[in-house]
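Following: one structure in structure tokens, then a few remarks.
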Amino acid sequence: MASLRKKPRSPFWFGCFTLPDGNRTQRSTKLTDRKEAMKLAVQWEQAAQDRITEAQARRVLSDIHEQIHGARLSSPTVAEFGTQWLKRKEGETAAVTHAAYKHAVTEFVGAMGDRATQPLHYITPAQIAAWRDNAATKATPRTANNKLKIVRVLFQSAWRDGLITDNPAAKVPTLRAAKSNRRPFSVPELESVLRVADDEWRGLILTGIYTGQRLKDVASLTWANVDLVRKEIKFMTSKTDRFQVIPINKHLLRHLTKLPAEDNSTAPLFPKAYRVATEHLHTGALSNQFGELLFTAGLAKPQPETHKGSGKGRAAKRDNTGLSFHSLRHTATSMLKNAGVSEAVAMDLIGHDSAAVSANYTHIDEPTKRRALAKLPRLG
């Protein structure tokens, strides 16, 4: 049964009670009044014997707190804390990262339904696991795991703020994700895509293959990033905040010099793609357009109707053919290595963190990069 004890040099009573496994434990009541401390110890004993849930235990503690102090334990609702957390993260993360946070948290809060209006500590690991599983049916296990990791960070922040006793999302394991079948393009496949692409998409694809950069970064380029005299492109990557200086390959330079000249240096290289990338803060719509090009070129199955158009219906699964715009990044890496370029130089150009770069180089000089890019074949 519950009991109390005092420890030397502590003004507080310690409650002693039995756990469900039969072991005795004790913890400080943070109370100096023996009567109130005994009441709390009895509550702990009852909670342990009944094997009640964390949420129920929190309600018991809230009731006791109200009896002693006249006010219930403060805890925002799931929806309230989600809004507060996103606002806090707005100034701490890049726009593209914040967009991913907002998408995952908004989806999670919506999935909680009426529970989103209850205190944050009422959410259980089982409820989070059910949401994770549902997310995996709409996209992929990998996507569901990424969303789960964001929700873990959300609840970890609540734990650090003292709003919950532990992180329920941390108790939910990630799903086993199938090994990615993403692969590089062959030269004939690239030629077939370029044949069916319009002028802007030809530019996006050529820039992707000759710089090895992500779709978001390629679509966001403006003329301020391009120096045709020095023949180089300078920009900050959106995902890793890495400053890149990439020499312009002669085949890409030939295409860029044919683009309409702009007096305004802030004008985008690819206006339609730039508008989508900056307005939506993600490249889902552009990825869908590229998927349609792959289908037209005979390299992919048709996409679901919900994915066609301007990116609506992102909850539906895509047909994973192993080819995407990101495959151009793999293609550039493969072509460079096949041409005899060292791994350190290839990784520096593409923007990957490389052990070889860290171990053997402090800087990959510009002439070395230019010689490496000059080895890439002409396309289009």
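Quick one: what are the phi-derived ³J(HN,Hα) couplings along the range 289-299, Karplus 6.51/-1.76/1.60 with θ = phi - 60°, whole Hz, x for glycine and proline?
Calculated HN-Hα couplings, in order: 4, 5, x, 5, 5, 4, 5, 4, 7, x, 10 Hz.
Among the trypsin sites (Lys or Arg not before Pro) in the range 159-213, which ones are in a DSSP loop with at most 15 other Cβ atoms within 10 Å of the Cβ? Mind listing them?
Within the range 159-213, the qualifying trypsin sites (Lys or Arg not before Pro) (loop, at most 15 other Cβ atoms within 10 Å) are R176, K179, R182.
Could you name the lysines in cross-link range of K231, using Cα to Cα under 26 Å and dropping any fewer than eight places away on the same chain?
Candidates past the 8-residue exclusion: K216, K239, K250, K258, K272, K337, K369, K375.
So how much slack lies between V187 and K35, counting 0.36 nm per residue of separation and subtracting their Cα-Cα distance, in nm?
Result: 46.6 nm gained on full extension.
Give or take rounding to whole Å, what are the principal axis extents of the alpha carbon atoms in the range 78-171, in descending order?
33, 31, 22
Where a number appears in this text, it was derived from the coordinates with a stated rule and is not lab data. Keep in mind the model is a prediction, meaning the values are calculated, not measured. Every residue, glycine among them, receives a Cβ derived from its backbone with ideal geometry; neighbour counts consider all protein chains shown.
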